[in-house]
1. Please state which of the following conditions B:G221 fails to meet, knowing it meets all the rest: (1) surrounded by fewer than 18 Cβ atoms within 10 Å (Cβ to Cβ); (2) under 20 Å from B:D77 (Cβ atoms); (3) free of Cβ contacts under 8 Å to residues at least 24 places away in the same chain; (4) more than 10 Å from chain A (Cβ to nearest Cβ).
2. State which residue pairs qualify: first residue in contact (Cβ under 8 Å) with a residue 24 or more places away in the chain and inside the range B:96-114, second residue among the acidic types (D, E) and open to solvent by 40 Å² or more (accessible area, probe 1.4 Å) in any location, beta carbons under 8 Å apart, and separation of 6 or more residues or different chains.
3. I need the full set of residues from the range A:116-125 which are surrounded by fewer than 16 Cβ atoms within 10 Å (Cβ to Cβ) and in contact with a Leu (Cβ under 7 Å, 6 or more places away or on another chain), in order please.
4. Taking B:A187 as the residue in question, decide whether it is open to solvent by 30 Å² or more (accessible area, probe 1.4 Å), of a type in the set (A, V, I, L, M, F, W, C) and assigned to a helix (DSSP H, G or I).
5. Considering only residues that are in contact with a strand residue (DSSP E or B) (Cβ under 7 Å, 6 or more places away or on another chain) and more than 7 Å from chain A (Cβ to nearest Cβ), which ones fall in the range B:246-278?
6. Among the listed residues A:A128, A:A35, A:A98, which satisfies the condition of being open to solvent by 40 Å² or more (accessible area, probe 1.4 Å), of a type in the set (G, A, S), in contact with an Asp or Glu (Cβ under 8 Å, 6 or more places away or on another chain) and touching a residue at least 40 places away in the same chain (Cβ under 8 Å)?
7. Tally up the residues in the range B:51-87 that are in a loop (DSSP other than H, G, I, E, B) and either on the phi > 0 side of the Ramachandran plot or open to solvent by 20 Å² or more (accessible area, probe 1.4 Å) (or both), please.
8. Against the condition under 17 Å from the mean Cα position of the chain (by Cα) and more than 14 Å from chain B (Cβ to nearest Cβ), how does A:P155 come out, does it pass?
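The values are calculated or read from the model by the stated rules, or taken from the named source; none is laboratory data. The structure displayed is predicted, hence computed values, not measured ones. Because the Cβ atoms are built from the backbone with ideal geometry, glycine has one as well, and the counts that use them run over all protein chains shown. Areas reflect the complete protein model, heavy atoms only, side chains present, ligands, DNA and RNA absent. Shrake-Rupley method; radii C 1.70, N 1.55, O 1.52, S 1.80 Å.
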Amino acid sequence: MKITRMTATSLTLVAALAASGTAALAQDLPGPVKARQGQFNILAINLGILGDMARGKADYDAEAAQAAADTLVAVSMINQAPLFPEGTSEMDIDGTRAKAEIWDGWESFGEKWSGLGAAAGELQQVAATGQEALGPAVGQLGGACKACHDDFRAPE
Amino acid sequence: MRGLLGFLVLLAALAGGAVWMISAPDRLPAGEFADDAGGDPVHGETVFTAAGCASCHHAPESEDKLVLAGGQRFASDFGTFIAPNISPHPQAGIGAWSLHDFANALLRGVSPEGRHYYPAFPYTSYIRMAPQDVVDLWSYIRTLPEAESPSQPHEVGFPFNLRRGLGLWKQLYLDPAWITAAETDEARRGRYLVEALAHCGECHTPRDRFGGLQRDTWLTGAPAPDGKGSIPALTPDKLSWSAEDIAYYLETGFTPDYDSAGGHMVEVIDNFAQLPAEDRAAVAAYVKALPEGGIMD
């Protein structure tokens, strides 16, 4: 009985600490976590430029398409290891959706990142050749994003 | 405490002979699905893809999604279910089954030996499948490779390991009626995909404490069954995407701001990317027509 009550008290304490900690942590993420989230947002923004052209939501512009594809390739060359230091999974801290499986399966994570590089490279080849070529290449790239999120990104 | 309560409830239930009767497996009449000639495996493949059979039944680490060896684990409040081998292997899989056995599993949730299946196998949606689609699906599944690995037992504790109790559960929750109304052919196709084959509701609809889908909050989002995170709502008060955005998401996995889908939705998208564009459009139209808050009249 005593033990139970103590456990309950310490649980309440932990919960209170966790609750007060969340707000602070969200603004105060470690640099590498902020950096990796930033790189993913750069991917999404440039993919958006290409995707909107592929879907006909934006006019096709060969130069803008090429610049977006070049940016995707550039981001895909960023070395990931320094952005994923130990102790920054969603189990360790708030404000990240990086699954602990990344660290257990680093090799597989690296393969998914290379897969992104390969798909971005193909997109770079065709981006300036016309609107029709964008759809399939963007689809391929999307496959590379999904494949990694499927295994390594936690739900909200 | 909860276990004891469940036990008492169960005892009381079992004491009633009438209850024992209604918990008996309800099977298809012997004459139905007697003849397995006339199945079209090409169309069966489309049914298989839309219904996501491989998503649950492929082996956990395998890249070849067409080897239906089973082994994936599905955690829930009631224990962990492990998908069985449904490859055409005669001993390890379902190679020795008849079409009638297969139809009973999909449309009634009953095994060839007359045991109830757990609703982790979404027969609560498949019960709405068209009979010819079941025949075609069977002829397709029989063309897939055999896998030798035997099915593993579920990790489910007392009292949920007593399958007979599922008969009562089915009385409450196994209902072939459609959830929404549909007036046009496109609407009927969208409804068929969402409510029967692709079983969107199994993930996106909240469940009550017995694990039954709450039809009056249809597709309003739910906690993830493994307890980590939540599955988003699809009703228009929560999801403001256009029909075109939804169809594009089902094809590519991209949200309107080009984030990319994750988790179990990825398997659904991998399947839908292989379906005709009209099917994705029909599902998108269905989602756009949902009532706010999921409340059905």
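1. (1)
2. B:S98/B:D36; B:L99/B:D35; B:L99/B:D36; B:H100/B:E32; B:A103/B:E32; B:R108/B:D26; B:V110/B:D26
3. none
4. Values: open to solvent by 30 Å² or more (accessible area, probe 1.4 Å): yes; of a type in the set (A, V, I, L, M, F, W, C): yes; assigned to a helix (DSSP H, G or I): yes.
The answer is yes for B:A187.
5. none
6. Numbers: A:A35 fails: in contact with an Asp or Glu (Cβ under 8 Å, 6 or more places away or on another chain); A:A98 fails: open to solvent by 40 Å² or more (accessible area, probe 1.4 Å).
Just a single option satisfies the conditions, and that option is A:A128.
7. As a first pass, look at the range B:51-87 and keep what is in a loop (DSSP other than H, G, I, E, B): B:52, B:58-72, B:77-78, B:83-87.
Within this subset, residues satisfying the condition of being either on the phi > 0 side of the Ramachandran plot or open to solvent by 20 Å² or more (accessible area, probe 1.4 Å) (or both) are B:52, B:59-67, B:70-72, B:77-78, B:84, B:86.
Residues meeting the conditions: 17.
8. Numbers: under 17 Å from the mean Cα position of the chain (by Cα): yes; more than 14 Å from chain B (Cβ to nearest Cβ): no.
The answer is no for A:P155.
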